[in-house]
1. Determine the share of the range 154-196's accessible area contributed by carbon and sulfur atoms, expressed in whole percent, with a 1.4 angstrom probe.
2. When 1/r is averaged over all different Cα pairs and the result inverted, which Kirkwood radius in Å belongs to the chain?
3. Looking at the range 226-267, which GluC sites (Glu not before Pro) are in a loop (DSSP not H, G, I, E or B) and have at most 15 other Cβ atoms within 10 Å?
4. When the distances between all Cα atoms of the range 106-201 are binned every 10 Å from zero, what whole-number percent does each bin get?
5. So what's the angle, to the nearest 10 degrees on a 0 to 90 scale, between helix 152-164 and the longest Cα principal axis of the chain?
6. In percent, what relative contact order does the range 98-227 have, based on Cα pairs under 8 Å that are 6 or more apart in sequence?
7. Run the 1.4 Å probe and let me know the accessible area of ARG93, rounded to the nearest 10 Å².
8. Between rounded, prolate and oblate, where does the range 126-177 land on the alpha carbon gyration tensor, with a ≥ b ≥ c its root eigenvalues, rounded for a/c under 1.5, else prolate if a/b exceeds b/c?
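The values are calculated or read from the model by the stated rules, or taken from the named source; none is laboratory data. All of these numbers come straight from a predicted model, not from anything done at the bench. Because the Cβ atoms are built from the backbone with ideal geometry, glycine has one as well, and the counts that use them run over all protein chains shown. All accessible areas refer to the heavy atoms of the entire protein, side chains included, with ligands and DNA or RNA removed. Shrake-Rupley method; radii C 1.70, N 1.55, O 1.52, S 1.80 Å.
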Amino acid sequence: MPRTAAHVALVTCRPGPEVSVDPDLPGLVAELRAAGAAADSVHWDDEDVDWAAYDLAVIRSTWDYSWRAAEFTAWAERCGRATRLVNPADVVRWNTDKRYLADLAAAGVPVVPTRYLAPGDTVELPEDREYVVKPTSGAGARFAARYTPGEHATAVRQLARMHAEGFTAMVQPYVRGIDVSGERALQFFGGRILHASRKGAVLAPGTPYDEKKMAHPRLEAWTPTPAELAVAERALAAVPHTGELLYARVDLVDGEDGRPCVMELELVEPNLFLGLHPGSVPRVVKTILAAARQR
């Protein structure tokens with residue numbers, strides 16, 4: 001008998017001591033079911049899941065992927081062959097490595113200046129200003145820390161630890177605009193702005209790189225400025241993908257010139273902050289159902 005209801009997988013990860021709980025997931029599953037879909041919350045690494053049974057798999061909170069990036073991107077390729085995966089596997093592969101910032105910069109998008117230090121590279125760190133060291137594959141400020149030039153030895157130890165675990169590091173100037181105007185997250189869904197939020201600085205001076213941080217301190221609703229929208233749209237236009245992205249989050253800070261620039265472009269599993277923006281839920285549900293019908 002043919003299935004009439006859209007069958008949707010909202011893809012998440014297994015709970016664990018280092019993994020945040022997705023507060024949006026239960027409500028989103030319930031709203032999709034109320035709208036007539038057969039919706040499930042599914043662990044991405046569950047080997048018993050038949051992904052072909054779903055019309056659509058939506059990556060929502062696979063927040064352990066940075067520990068297992070190669071395994072995760074291989075799963076995305078398999079899932080994308082079995083059903084429609086959003087965002088698709090080529091976007092996942094590109095976006096799980098923050099060296100994508102270099103691609104955005106090459107396309108003329110204003111980004112936070114970034115250098116990369118792979119295992120075996122000569123370690124060169126700023127000597128005249130505060131800076132941030134973090135991995136190119138990471139989430140929730142894992143392995144991220146803020147340093148002054150006087151903390152060189154500690155930063156070198158962090159780099160040695162990261163390199164020993166196979167991570168490439170990225171080094172960025174600490175953008176002081178975060179302390180004044182915060183970090184703004186512009187969320188897009190179905191190709192259009194959904195809502196925006198603002199949070200305070202994540203990295204306090206002296207916080208050890210291996211200590212768990214609050215990923216979204218002092219989160220509040222935000223109305224994006226025309227300049228912020230323009231930069232976010234430039235970043236999305238520079239993504240090397242020809243189709244429409246179901247969702248995206250563009251994180252912006254003010255650069256030294258006071259203008260917004262991209263801190264991060266999250267196309268894999270961005271927190272949607274639906275608890276802060278409950279009015280966005282109907283549009284998210286409607287857009288997911290429309291995508292499920294496109295298979």
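1. Details: 850 of 1580 Å².
The C+S portion of the solvent-accessible surface of the range 154-196 is 54 percent.
2. Numbers: mean 1/r = 0.0503 Å⁻¹.
For the chain, inverting the mean 1/r across all distinct Cα pairs yields 19.9 Å.
3. Values: sites: GLU228, GLU233, GLU244, GLU256, GLU264, GLU266; in loops: GLU244, GLU256.
Answer in residue order: GLU244, GLU256.
4. 14, 40, 32, 13, 2
5. 40 degrees
6. On the way: 208 pairs, mean separation 32.2, N = 130.
Result for the range 98-227 is 25 percent.
7. Approximately 120 Å² for this residue.
8. Details: a/c = 2.37, a/b = 1.33, b/c = 1.79.
In terms of gyration-tensor shape, oblate.
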